[in-house]
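The values are calculated or read from the model by the stated rules, or taken from the named source; none is laboratory data. The model shown is predicted, which means the values in this text are computed figures rather than measured ones. Because the Cβ atoms are built from the backbone with ideal geometry, glycine has one as well, and the counts that use them run over all protein chains shown. Side chains are part of the model used for accessible areas, which takes the heavy atoms of the whole protein and leaves out ligands, DNA and RNA. Shrake-Rupley method; radii C 1.70, N 1.55, O 1.52, S 1.80 Å.
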Amino acid sequence: MLTTRRATTVFTRHLYSNQGIYHGLRARNLISQVSEPLAPFLHLVEKNPDKIKLYSGADPTASSLHLGNLVPMMVMLHFYLHGHDIVPLIGGATGKVGDPSGRTTERQQMEDQIRRANIANIQKQQVEFFKNGLQYYLSIYKNNSAPVVGKVSPMNNVEWWKDVKLLDFLANYGKHIRVQHMLSRDSVASRLSSKEGLGFNEFTYQILQAYDFLHLNNEHGVTVQIGGNDQWGNITAGIDLIQRCGKMQPRPIGYGITVPLLTTANGEKFGKSSGNAVFIDPTITSPYDMYQYFINVDDRDVERFLLLFTLLPLETISQIVEKHRLKPELRFGQKQLAKNVVDLIHGMRGADCEKISSVLFNNEKLIEMTATDIIKLFESGGKLIKKDKSQTLIEVVSSIENCSRSEVIRKLKQSSIYLGPNKFRPTKDVSDLSPYLIEGRVLILRVGKSKVHVIKVD
Ligand SMILES: Nc1ncnc2c1ncn2[C@@H]1O[C@H](COP(=O)(O)OP(=O)(O)OP(=O)(O)O)[C@@H](O)[C@H]1O
Ligand SMILES: N[C@@H](Cc1ccc(O)cc1)C(=O)O
């Protein structure tokens with residue numbers, strides 16, 4: 001065990017209303033299962049004055065993390081802010097094999113080049129998440145002294161898997177890995193009875209993740225693994241392997257925490273396999289679109305998401321929820337949630353998204369702004385479109401709306417395209433858009449009643 005002392009009590013008090021981190025995380029519904037026995041684990045995280053090391057992994061099966069992946073990352077963030085060291089891991093090796101957990105069908109192979117690009121982007125996101133998380137935390141608890149945060153050490157499991165030789169691996173670890181345990185894990189058992197069955201690659205996946213935990217335990221002193229509830233089998237496989245062949249002194253031990261799976265209203269896991277992932281990459285989901293996503297969540301989800309995805313104190317969350325319940329139609333809870341989540345994920349851009357939302361629905365406010373301010377604001381929310389001034393109106397609309405010329409011509413005839421702050425309605429193509437620009441640089445383009453585009457024309 002590492003012995004560096006940490007100093008985090010002030011932080012704990014505010015974030016968890018005087019509860020320890022474990023009970024605080026439970027109160028926020030961030031814990032689903034914890035490996036047994038609980039007592040030494042509780043001692044490790046709550047009573048132990050020393051730092052611990054925790055890890056959580058994601059496979060590079062998409063170019064970006066998504067909101068579901070952020071749930072285990074939130075637990076890591078809490079521990080990090082609490083002074084503990086964390087290892088966000090990218091599965092450069094495991095991503096080649098494919099985790100069967102939570103899936104009913106086999107994964108498609110991915111090209112190496114795409115996998116490498118995904119690894120680079122996800123590692124960047126993992127590091128940024130903790131940087132933005134700290135900045136977000138400091139923005140809420142400005143009057144307190146800054147927490148002594150832990151260390152973030154990103155790793156890629158290809159670093160150790162590239163040197164592992166099959167014969168050596170089987171000779172050293174094969175006898176410690178029991179096939180009956182492997183067969184009984186949910187991810188395997190559910191697929192064995194399916195028509196398609198399960199390939200040997202996916203069957204062995206749990207061994208790869210188990211060995212990652214063993215390696216991180218032996219070489220880096222990592223004692224806790226965090227993952228979604230679908231990772232329980234893979235995590236406990238690692239705990240078993242550590243118990244059988246770990247080297248840590250005085251006693252090799254590993255623990256696991258799983259978080260509840262974020263699901264849709266009809267109970268489906270939010271994720272890549274289900275095709276309903278909300279990706280956090282701003283080029284896929286702009287900060288403003290992320291803001292709108294949370295503005296539109298169901299009233300019933302407001303409290304759950306405030307607890308999971310924000311660092312607001314529990315008391316503040318209760319007050320928000322109480323105020324929200326008095327007049328749900330004002331969407332007060334959703335507004336607080338949306339601003340906080342964007343601040344956390346996108347480095348304090350929540351207020352800008354809030355402002356974009358208010359100016360888009362209030363033309364007067366938009367008219368009062370200078371072109372420079374409009375450009376800055378919409379750029380921050382990832383909602384600034386750039387177009388060349390040589391383009392005609394039909395070209396601009398068809399590229400933004402992703403529709404054909406004839407479709408745009410139809411819209412023009414119906415007078416459903418509005419130009420500039422004065423909402424001029426052309427009925428045919430406009431080759432020179434300059435009369436409608438704000439300070440010769442910004443075009444406000446409305447299509448139909450609800451869509452507003454802000455375009456920087458160069
Ligand atoms: N909806 C979710 N709720 C909570 N945790 C999730 C959710 N989706 C993924 N996770 C967790 O995020 C971590 C990384 O998962 P991974 O990168 O494999 O994403 P995934 O969406 O589960 O992918 P796939 O759908 O392809 O299995 C894992 O610990 C996983 O359990
Ligand atoms: N199996 C995890 C990712 C992961 C990979 C390697 C690990 O060591 C840990 C986690 C998932 O698919 O979500």
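Structure above, values below:
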| read-out | value |
| --- | --- |
| Rounded tilt (10° steps) of 205-220 against the dominant C-alpha axis of the chain | 80 degrees |
| Protection proxy ranking of 298-305, 354-361 - average other beta-carbon atoms within 10 Å, highest first | 354-361, 298-305 |
| Amide H within-cut-off set for VAL442, under 5 Å, with H built and near neighbours excluded | VAL457 |
| Rounded to the nearest 20 debye, dipole of region 312-458 from Cβ charges on Lys, Arg, Asp, Glu | 500 debye |
| Long-range HN-HN contacts of SER101 with modeled amide H, under 5 Å | none |
| Ranked by how many other beta carbons lie within 10 Å on average, peptides 315-321, 281-287, 347-353 from highest | 347-353, 281-287, 315-321 |
| Point-charge dipole on Cβ atoms (K/R +1, D/E -1) for the chain, about Cα centre, debye to 20 | 500 debye |
| Residues whose placed amide H lies under 5 Å from that of THR263, excluding near-sequence neighbours | PHE270 |
| Cα-based shape type of region 286-361, given that a ≥ b ≥ c are square roots of the gyration tensor eigenvalues and the cut on a/c is 1.5 | oblate |
| Angle in degrees between helix 371-380 and the longest Cα principal axis of the chain, rounded to the nearest 10 | 20 degrees |
| DSSP-loop trypsin sites (Lys or Arg not before Pro) across region 193-279, with at most 14 other Cβ within 10 angstrom | LYS195, LYS247 |
| Distance-filtered residues of region 429-458 - backbone nitrogen under 11 Å, label point 7 angstrom along ALA371 Cα→Cβ | 434-443, 456-458 |
| Counted charge near HIS78, where neighbours are those whose Cβ lies closer than 13 Å (Asp, Glu -1; Lys, Arg +1) | +1 |
| Net charge of neighbours whose Cβ lies under 14 Å from the Cβ of GLU219, counting Lys and Arg as +1 and Asp and Glu as -1 | -2 |
| FRET efficiency, 1/(1 + (r/R0)^6) with R0 25 Å, evaluated for ASP299 and GLU268 via beta carbons | 0.80 |
| Estimated [θ] at 222 nm from DSSP helical runs (n ≥ 4, -39500 (n - 2.57)) normalised by residues in the chain, nearest 500 | -13500 deg cm²/dmol |
| Carbon plus sulfur fraction of accessible area for region 50-109, probe 1.4 Å, in percent | 41 percent |
| Dipole of the chain, positive end: most advanced residue of SER56, ILE374, GLY92 [Cβ charges, Cα centre] | ILE374 |
| Charge sum, other residues only, whose C-beta stays under 10 Å from VAL397's C-beta, Lys/Arg counted +1 and Asp/Glu -1 | -2 |
| Accessible area per residue, Å², the chain with all protein chains present, probe 1.4 Å | 47 Å² |
| Low-density loop cleavage sites - GluC sites (Glu not before Pro) in region 394-454, where at most 15 other Cβ are within 10 Å (DSSP) | GLU439 |
| Charge dipole (the chain, unit charges on Cβ, about Cα centre) - positive-most of TRP232, ALA27, THR105 | ALA27 |
| Principal-axis tilt of helix 314-326 within the chain, Cα atoms, nearest 10 degrees | 40 degrees |
| FRET efficiency, LYS451 to GLN33 (Cβ-Cβ, R0 60 Å, nearest 0.05) | 0.85 |
| Percent carbon-and-sulfur accessible area, region 286-361, ignoring ligands, DNA and RNA, probe 1.4 Å | 51 percent |
| Difference of contour (0.36 nm per residue) and Cα-Cα distance, GLU128 to LYS162 | 9.6 nm |
